[in-house]
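Novice: Encoded as structure tokens, here's the structure I'll be asking about.
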Amino acid sequence: MEIASKYNPTEVEEKWYRYWMENNLFHSEPDEREPYTIVIPPPNVTGVLHMGHMLNNTIQDVLVRRARMQGKNACWVPGTDHASIATEAKVVNRLAEQGIKKSDLTREQFLKHAWEWTREHGGIILEQLKKLGASCDWERTAFTMDEIRSESVLRVFCDLYEKGLIYRGVRMVNWDPKALTALSDEEVIHKEVNGKLYYLRYRIEGDPEGGYAVVATTRPETIMGDTAMCINPNDPKNAHLKGKKVIVPLVNRVIPVIEDDYVDIEFGTGCLKVTPAHDVNDYMLGEKYNLPTIDIFNPDGTLNEHGAMYAGMERFAVRKQIEKDLEAAGLMEKTEPYTHKVGFSERTDEAIEPKLSMQWFLKMDKLAGPATEAVENDTIRFFPEKYKNTYRHWMEHIKDWCISRQLWWGHRIPAYFLPQGGVVVGLTREEAYEKAKQMVDYPLTPNDLKQDEDVLDTWFSSWLWPISVFDGIRKPENNDIQYYYPTSDLVTGPDIIFFWVARMIMSGYEYRQDACFRNVYFTGIVRDKLGRKMSKQLGNSPDPIGLMNQYGADGVRMGMLLSSAAGNDLLFDETLCEQGRNFNNKIWNAFRLIRGWETNDSLRQPESAEIAIDWFGSKLSETIAEMDDLFSKYRLSEALMLLYKLFWDEFSSWYLEMIKPAFQQPIDSKTYRVTLDYFDALLRLLHPFMPFITEELWQALQQRNEGESIMTVLQPKAETKDPELLSQFDRVKQVIAGVRTIRLEKNIPSKDSLELQVTSDHNKQFNSVITKMCNLSSLTVVAEKEAGAAGFMVGTTEYSVPLADRMDAKAELQKLKTELEYTEGFLLSVSKKLGNERFVQNAKPEIVENERKKKADAESKIASLKENIAALEE
């Protein structure tokens, strides 16, 4: 196979992805092999690829490709999420551009538009993942609203309702006035807001002196919903209000003063306005003291008829106006700046309105038990482990899940209301009708049943994902679910640990009595190099497709992985992708160098090549063992860096230089064959990280059959390594580095041969390697160092290069004295540190040991410098 002079990522990537697809290499069917399964966190059907997707899916692809090359039956299931709130908002906006309001359409008409939009945009992100190299089993692509997943969701709703775990009731919910729907607690983001604290005067009814109580609130617009004032019974400053009534400002409604320990005596004035319809804690007080509830808001955040003179106005406009009106009426004591936390919708970024609403809820306490225990006892392991604490805290304080949403796009709740009251739940209208007939004693037709208008929370479908992608809800005994479940690894962000991870674990134990996955790898958040979260608003999020066009998919994959330790935020810098591209070029050029050598069967293998082969074989085995350990701990970034150093430093800078034939000379066949084997092993190790370039070069290594691919050959295994050889060779590297430093310092060209002298013990086993790598004319043992020779120490062995005829003695002497002065100063500072008893006792042992090594190295260097100076001064 002809190999191009330069690596062209675009050409290579398109060619090999097409080849993989044509040969069905990503597809999996149950067989006798050990399964390895990953289900993709389904991206929103509205989405396009962003940097978070790039990181998450690169990690998944690395794990899947490696498992495939370990002989496992790897199955990576792709799919998308219908994303109720986000998708409905997109469709509403598009209709608005056409002059159509959602309210002008029937539900069926609106859904027709939503499906059209989904068909247009739904496949974009999956196609983009192909450019990244994602080896998903595309034949298994699922969508949370396709037929299988939809029926699964409705079956689960019906089942949980029959078990008494789903109920309907009026509760305080998080209301999103923009999306016009309730949200679960996990969909609310709390942010610090700079607002005001308003001190309002509530006149005391019947007080002859016109006295008043002062209430501090951040929300003066809600006073129209006040139904009581509350004080702490132990608060002496408000004791005069006990048993009294006060008058709500502006609306002049008389409300009682109640007493409860809940009120914080220190906050504000110690008087609390109680608005049961619009505050969670006030709602609890209202329930406790049987207070009336006055809901003053319309669903869109404007005030309704209970808002009196402000009816029809938007809530924040009312806040501004009511401040003026209260001041004009003499009912505003004062205002002061106040920073506090406000809940915002995770989807629309709209300030949440606590609102009493009839909703559907799922009881969570029973479901949470097995799911909590599974993570606690490491049946399911978290990487990093710190997230166990986050998970435990949430599970121990879990609340019932509000699962209904006031939207049209989504799984419509399979609950039907009866004409004379009551509700029946059924998978279909026909099933509900059959149940209803058993419940009522009056004539009934299927059309008399009115289906609930609400849809289920999007997460109510994705919590079933590891089961539903294998059709395990509808057909719990089918081959796929029996073989692929539990899945192996889940790769996701810690921001959805409650939305998704915890709930999937719960559904797994409820419907399979088993964990839904064995390991959860939490990625960090992708930030820019200044540490800011990437966003459209900041304009700091690069286009992933543009990056791949510029640096190649392998370059971008590598750039992201090198900076993404598990659970830690990734500080993305485009130069990392450049580093990835450079590594691609390094691999490409190394291959071209090797393939450019001619072989000669009659040549004897040089001793230096034999040593190089033994050494690199041991180094390769050592690296494979380290990589296996790192992968077991999900430290993928470190595993890639290990491979990077193995290829760039050990293979390219050392091994290839040791075996390289002289200019325009052939190489012996034995060394060449082993070198190709080593290159093949390196490609196999690199393939999960860099699939495209490794496929291209593996195919070029030798003639391959149609359908063969590097992705289906086994990863190399660690052979026996020789620790003694590796240790000795590290010393050899230091000798070679010492000679190269002398060449550099003395400006001696590499083509000029040098003599190397040794004045103490030296292992002659590696002389052939040192001679070749340093271009030596001789390597001899001498009794003492020559005058004017440049020397260096490797451990306790001194090496020197005679330079009498190559240097300016006066200038060299001055240079050595300057270096001696600096080294003596350095030794003094290290000695002071080690002489400090507090440092030695309190510092980590490895830090103290490092300082001791610095001291010993400095002492050795000083001895060598003094000897060199003495020789020059003779």
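The values are calculated or read from the model by the stated rules, or taken from the named source; none is laboratory data. Note that this is a predicted model, so its numbers are computed, not measured. Using ideal geometry, Cβ is built from the backbone for each residue, glycine included, and neighbour counts are taken over all protein chains shown. We work out accessible area using only protein heavy atoms, side chains counted, and drop any ligands, DNA or RNA first. Shrake-Rupley method; radii C 1.70, N 1.55, O 1.52, S 1.80 Å.
Novice: Treat each spin label as a single point 7 Å out from the Cα along the C-beta direction, and report the V254 to N775 distance in nm.
Specialist: It works out to 10.7 nm between the two label points.
Novice: As I understand it, the dipole of the chain uses +1 on the Cβ of Lys and Arg and -1 on the Cβ of Asp and Glu, about the Cα centre. Which of V263, V840, Y416 lies farthest toward its positive end?
Specialist: V263
Novice: Hey, another quick one. Using +1 at the C-beta of Lys and Arg and -1 at the C-beta of Asp and Glu, which of G301, V375, A329 has the Cα lying farthest in the positive direction of the dipole of the stretch 281-375?
Specialist: Working it through, the farthest residue towards the positive pole turns out to be V375.
Novice: Using a 1.4 Å probe on the protein heavy atoms only, what accessible surface does V713 show? Give it in Å² to the nearest 10.
Specialist: V713 has an accessible surface of roughly 40 Å² with all protein chains in place.
Novice: With all protein chains present, calculate the accessible area of M21 using a 1.4 Å probe and round the result to the nearest 10 Å².
Specialist: 80 Å²
Novice: Calculate the spin-label point distance for E708 paired with V214, positioning each point 7 Å from the Cα along the beta-carbon direction, and give it in nanometres.
Specialist: 8.7 nm
Novice: A further question on this structure: May I ask you to compute the full-extension gain from T428 to M793, defined as 0.36 nm times their residue separation minus their alpha-carbon distance, rounded to one decimal in nm?
Specialist: Here the answer is 122.9 nm.
Novice: Using a 1.4 Å probe, how large is the accessible area of S669, given in Å² and rounded to the nearest 10?
Specialist: It works out to around 10 Å².
Novice: Still on this structure, please answer the following. Rounding to the nearest 10 and keeping the result within 0 to 90°, find how far the Cα-based axis of helix 723-746 lies from the longest principal axis of the chain.
Specialist: 70 degrees
Novice: What Kirkwood hydrodynamic radius do you get for the chain when you take the inverse of the mean 1/r over all pairs of distinct Cα atoms, in Å?
Specialist: For the chain, the Kirkwood estimate is 33.3 Å.
Novice: Hey, got the dipole for the stretch 435-530? About the Cα centre, +1 on K and R Cβ, -1 on D and E Cβ, debye to the nearest 20?
Specialist: 220 debye
Novice: Which residue, chosen from G472, G825, M534, occupies the Cα position most advanced towards the positive end of the dipole of the chain, where the dipole is computed from +1 (Lys, Arg) and -1 (Asp, Glu) charges on Cβ about the Cα centre?
Specialist: G825
Novice: Just to be sure I understand: of the beta bridges DSSP finds with both ends in the chain, what percent are antiparallel, rounded to 5?
Specialist: Given both bridge residues lie in the chain, the antiparallel proportion sits at roughly 70 percent.
Novice: Here is a further query. Could you work out the local net charge near A662, counting Lys and Arg as +1, Asp and Glu as -1, over the other residues with Cβ closer than 13 Å to its Cβ?
Specialist: It works out to a net charge of 0.
Novice: Still on this structure: When the helix-only estimate is applied to the chain (DSSP H runs of n ≥ 4, each -39,500 (n - 2.57), divided by the residue count), what is the mean residue ellipticity at 222 nm, nearest 500 deg cm²/dmol?
Specialist: Roughly -13500 deg cm²/dmol at 222 nm, from the helical runs in the chain.
Novice: On a 1.4 Å probe surface of the protein chains, which of R149, R168 comes out largest in accessible area, and what is the full order?
Specialist: R168, R149
Novice: Which pairs in the list K386/K854; K101/K355; K130/K341; K131/K721; K529/K717 are over 32 Å apart, alpha-carbon to alpha-carbon?
Specialist: K386/K854; K130/K341; K131/K721; K529/K717
Novice: Here is a further query. Give me the Å³ per residue figure for the convex hull around the C-alpha atoms of the stretch 1-71.
Specialist: Each residue corresponds to 162 Å³ of Cα convex hull volume.
Novice: Based on Cβ point charges of +1 for Lys and Arg and -1 for Asp and Glu, what charge dipole magnitude is obtained for the stretch 644-768 about its Cα centre, in debye rounded to the nearest 20?
Specialist: 300 debye
Novice: By a straight-distance test (C-alpha under 13 Å), which aspartates and glutamates pair with K112 as possible cross-link partners, with residues fewer than eight away in the same chain excluded?
Specialist: Within the straight-line cut-off, K112 pairs with E88, E120.
Novice: Gain in length, Y338 to L834, computed as 0.36 nm per residue apart minus the alpha-carbon separation, to one decimal in nm?
Specialist: 173.3 nm
Novice: Okay, next question. Ranked by accessible surface with a 1.4 Å probe, highest first, in what order do H340, H306 come?
Specialist: If we order H340, H306 from most to least accessible, we get H306, H340.
Novice: In this model, which of K244/K273; K817/K866; K6/K751; K191/K399 are farther than 18 Å apart at the alpha-carbon?
Specialist: K6/K751; K191/K399
Novice: At S860 and A328, where each label point lies 7 Å from the Cα along Cα→Cβ, what is the point-to-point distance in nanometres?
Specialist: Taking the two extended label points, one gets 8.8 nm.
Novice: If you place +1 on the Cβ of every Lys and Arg, -1 on the Cβ of every Asp and Glu, and leave all else neutral, what size is the dipole of the chain about its Cα centre, to the nearest 20 Debye?
Specialist: 920 debye
Novice: Using a/c under 1.5 as the rounded threshold, could you call the stretch 45-179 rounded, prolate or oblate? The axes a ≥ b ≥ c are square roots of the C-alpha gyration tensor eigenvalues, and prolate needs a/b larger than b/c, oblate otherwise.
Specialist: Taking the square roots of the gyration eigenvalues as a ≥ b ≥ c, the stretch 45-179 is oblate.
Novice: Using the beta-carbon distance between R592 and E745 and R0 = 30 Å, what value does 1/(1 + (r/R0)^6) give for FRET efficiency, to the nearest 0.05?
Specialist: E between R592 and E745, to the nearest 0.05, is 0.35.
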